[in-house]
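Participant: Just dropping this structure here.
The numbers here are math on the coordinates, done by the rules we state, and not lab data. Just so it is clear, the model here is predicted, and its values are computed rather than measured. Glycine also receives a Cβ, built like all others from the backbone with ideal geometry; neighbour counts cover every protein chain displayed.
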Amino acid sequence: MSKIAAIEVIPIIGPTPAADDLDGTTDTVIVRLTDEAGRTGIGETDAPPHVVKAFLEMPTAHLWSRNAAEILIGADPLEASGLWQKLYEGTFWPGRRGLGIHAISAIDIALYDLAGKQHGVPAYKLMGGARRDKLRPYCTIFPGLAHGRSIEELMTEIGRQFDAALESGFRAVKMEVLFYDLVTDRELVSLIKRGRKMLGDGILMAVDFGYRWQNWHDALYVLHRVEDCDIFFAEATLQHDDLEGHARLAERSPIRIGGAEAAATRWEIHEWLTRGKVGIVQPNIGRGGGLTEIRRIADLCELHGAEVVPHGWKTGITSAVGRHFQAACGPAPVFEYVSPKVFDSLLRRELVSPEPAVVDGFMALPDRPGLGIDLNEELVERLRADRR
Ligand code: MG
């Protein structure tokens with residue numbers, strides 16, 4: 001056993017900020033753990049980089065508000081679940097469900113990467129081993145917000161991305177229809193039908209509505225009218241915290257209702273399942289508690305007849321984490337995948353490598369130790385925001 005010797009929190013800010021759009025790949029914050037032998041493990045979270053760094057480097061105030069390094073230095077990275085609990089209890093006062101859990105998630109992921117490298121096994125084996133023999137990612141299709149473009153221009157871009165996804169080997173996609181006031185609900189129905197026609201039958205299709213509606217009646221109006229489009233799940237229909245609305249919608253919708261992409265920990269997901277009654281929960285692994293917690297969430301879903309389809313719109317670290325998650329978790333039909341061949345982003349394309357192939361809709365199980373990715377150190381040095 002080689003103990004953890006150092007923790008480094010690295011904020012990365014890319015050259016093209018997205019202040020007026022919803023692209024989460026323009027920045028990240030990496031947690032890098034180093035053991036006594038000099039091996040490293042990395043994780044990332046999708047949260048404000050400088051704030052995560054401040055949170056993880058804060059001095060200890062008392063037992064419920066502790067410095068993360070004090071908990072981690074000298075620990076065995078193989079004990080991810082035990083360390084998760086120490087970190088949770090040690091940051092319970094300022095953390096618990098929001099940014100504190102996002103920060104812990106990055107550490108948890110780095111622990112699996114480091115322990116996997118120490119023991120020469122892929123991270124999913126440390127999660128209990130494979131529950132399937134190949135992986136099924138879905139490719140998110142996002143033309144960006146309108147910014148003055150017409151709906152026809154947005155649909156043209158969606159069509160281009162559909163083609164790029166299918167050409168790259170994907171057989172499952174999610175159409176983002178974040179059109180908001182650009183279209184009426186009636187027009188939205190015909191655009192979704194057009195999307196299905198563009199894809200053809202046989203391609204798994206989900207739809208993300210980007211929190212379009214304030215009440216479940218309006219959402220139900222559209223979902224009833226696209227019932228014949230064979231949509232796997234409807235994401236972000238209602239406002240995120242409207243769990244009663246989600247329950248009413250889920251009980252009546254002909255299409256499975258998803259949600260909880262901003263939720264953290266099994267405790268919050270439990271509320272989504274019991275009060276919100278959704279059939280798909282979509283926590284981000286790098287925000288909801290890491291690989292340790294997503295395993296527990298998957299087990300919880302099994303008891304509720306639900307499935308977990310994690311949100312993931314970040315760099316290749318998050319994409320790699322999704323692969324190990326799906327390998328090790330049962331009720332996990334697909335996982336979100338930002339393809340660098342479909343969506344252009346410097347950090348997604350170049351921060352880590354290698355990028356696995358998608359063949360006929362599937363990826364092979366990871367076979368390299370840990371997360372199985374190498375960090376682009378030159379890019380990190382160029383874009384790290386704590387040394388400028
Ligand atoms: Mg979403």
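Participant: Mind checking which lysines have their C-alpha under 20 Å from residue 314, skipping anything on the same chain fewer than 8 residues away?
Facilitator: Result set, ordered by chain and number: 53, 174, 341.
Participant: Evaluate the distance, in nm, between pseudo-label points positioned 7 Å from the Cα of residue 73 and of residue 267 along their respective Cα→Cβ axes.
Facilitator: Each label point is offset 7 Å from its Cα along the Cβ direction, giving 2.9 nm.
Participant: Measuring from centroid to centroid over Cα atoms, what is the spacing of the range 280-303 and the range 307-323 in Å?
Facilitator: Comparing the Cα centres of the range 280-303 and the range 307-323, I get a distance of 11 Å.
Participant: Let me ask you something else. Going 7 Å from the Cα of residue 367 toward and past its Cβ, which residues in the range 305-344 have a backbone nitrogen under 17 Å from where you end up?
Facilitator: Counting backbone N atoms under 17 Å from the label point, the list is 324, 327.
Participant: Going by Cα centres, the range 1-42 and the range 330-388 are how many Å apart?
Facilitator: Cα centroid of the range 1-42 versus Cα centroid of the range 330-388: 13 Å apart.
Participant: As a test of the definition: which semi-axes, in Å, follow for the chain when you take the square root of five times each eigenvalue of its alpha carbon gyration tensor? Largest first, please.
Facilitator: 34, 22, 20
Participant: How large is the charge dipole for the chain, taken about the Cα centre, if only the Cβ atoms of Lys, Arg (+1) and Asp, Glu (-1) carry charge, to the nearest 20 debye?
Facilitator: The calculated dipole for the chain is roughly 560 debye.
Participant: May I ask you to evaluate 6.51 cos²θ - 1.76 cosθ + 1.60, the Karplus curve with θ = phi - 60°, for each residue of the range 344-350 and list the ³J(HN,Hα) values in order in whole Hz, giving x for glycine and proline?
Facilitator: Rounded to whole hertz, the list is 7, 7, 4, 5, 5, 6, 10.
Participant: Continuing with the same structure: Step through the residues of the range 75-83 one at a time and calculate ³J(HN,Hα) from phi using the Karplus curve (6.51 cos²θ - 1.76 cosθ + 1.60, θ = phi - 60°), rounding each to whole Hz and writing x for Gly and Pro.
Facilitator: Couplings: 8, 8, x, 6, 9, 4, 5, x, 5 Hz.
Participant: Can I ask one more? Quick one: order 292, 315 by neighbouring beta-carbon count within 10 Å, fewest to most.
Facilitator: 292, 315
Participant: For the chain, set up a GNM with springs between Cα atoms under 10 Å and report which of 61, 172, 115 has the largest fluctuation.
Facilitator: The residue that fluctuates most here is 61.
Participant: Which of the peptides 244-250, 333-339 is most tightly packed, and how do the rest follow, going by the mean number of other Cβ atoms within 10 Å of each residue?
Facilitator: My ranking of the peptides, most packed first, is 333-339, 244-250.
Participant: Which FRET efficiency value, to the nearest 0.05, do you get for residue 97 and residue 131 by plugging their Cβ-Cβ distance into 1/(1 + (r/R0)^6) with R0 = 35 Å?
Facilitator: The computed FRET efficiency comes out at 0.80.
Participant: Sticking with this one: Between residue 360 and residue 85, what is the spin-label point distance in nm, taking each point 7 Å from the Cα along the Cα→C-beta axis?
Facilitator: 4.5 nm
Participant: Another question, if that's okay. Please figure out what share of the DSSP beta bridges in the range 137-375 is antiparallel and state it in percent, rounded to the nearest 5.
Facilitator: 15 percent
Participant: Does anything in the range 29-46 have its amide N under 17 Å from the 7 Å Cα→Cβ label point of residue 385, and if so which residues?
Facilitator: Only 29-32, 44-46 fall inside the zone, counting backbone N under 17 Å.
Participant: Sticking with this structure for a sec: At a Förster distance of 56 Å, what's the computed FRET efficiency of residue 167 paired with residue 40, Cβ-Cβ distance as r, to 0.05?
Facilitator: With a Förster radius of 56 Å, E is 0.95.
Participant: Can you give the angle from 0 to 90° between the axis of helix 216-225 and the longest principal axis of the chain, with both taken from C-alpha atoms, to the nearest 10?
Facilitator: 60 degrees
Participant: Expressed as a whole number of Å, what is the distance separating the alpha-carbon centroids of the range 156-228 and the range 88-150?
Facilitator: Cα centroid to Cα centroid, the span is 26 Å.
Participant: Quick one: helix 99-119 against the long Cα principal axis of the chain, what's the angle to the nearest 10°, folded into 0 to 90?
Facilitator: That helix lies at roughly 70 degrees to the long axis.
Participant: With the calculation restricted to Cα positions, what are the radius of gyration and Dmax of the range 10-141 in angstrom?
Facilitator: When restricted to the Cα atoms of the range 10-141, Rg and Dmax are 16.1, 47 Å.
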